[in-house]
Amino acid sequence: MATVTETARTQVVQHIVRRTEEAARRAQEVQSRVIAEAAREVFRGEVERSLQQLATAVQAASYRRRLAWEAWLTHAATAVMASAATWVLMAWSWGR
């Protein structure tokens, strides 16, 4: 009877050890997946925020560049029109 009891006790302890190790391994895997997913979410949030800031800066620079180009174009058009008006007046005065 003592031998049977000892064998049963040994098997029970081994079973408990195996189950505990399996549970610990599963918990570690789940925890690793959760940590990895949380890290991806944080990284994704940081990247999205940085990309949004970059896009805003690029749009602002593009807008400023367009405004500068329009201002230059306005000045150039004014100079061309003034020159054309001068030529017309000169041609008209020579023709008289």
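The single residue among S50, S32 that is at pLDDT below 85 and surrounded by 10 or more Cβ atoms within 10 Å (Cβ to Cβ) turns out to be S50. Sort out which residues of the stretch 53-73 are modelled with pLDDT of 85 or more and of a type outside the set (A, V, I, L, M), and write them in order of number. Of everything in the stretch 53-73, those that are modelled with pLDDT of 85 or more and of a type outside the set (A, V, I, L, M) turn out to be Q53, T56, Q59. Here is a check on your reading of the model: is V12 out of contact with any Asp or Glu (no Cβ under 9 Å at 6 or more places or on another chain), in a helix (DSSP H, G or I), among the hydrophobic types (A, V, I, L, M, F, W, C) and surrounded by 10 or more Cβ atoms within 10 Å (Cβ to Cβ)? When the stated conditions are applied, V12 passes them.
The values are calculated or read from the model by the stated rules, or taken from the named source; none is laboratory data. Here the structure is a predicted model, which is why all the values come from computation and not from measurement. Ideal geometry is used to build each Cβ from the backbone, glycine not excepted, and the neighbour counts take in all protein chains shown.
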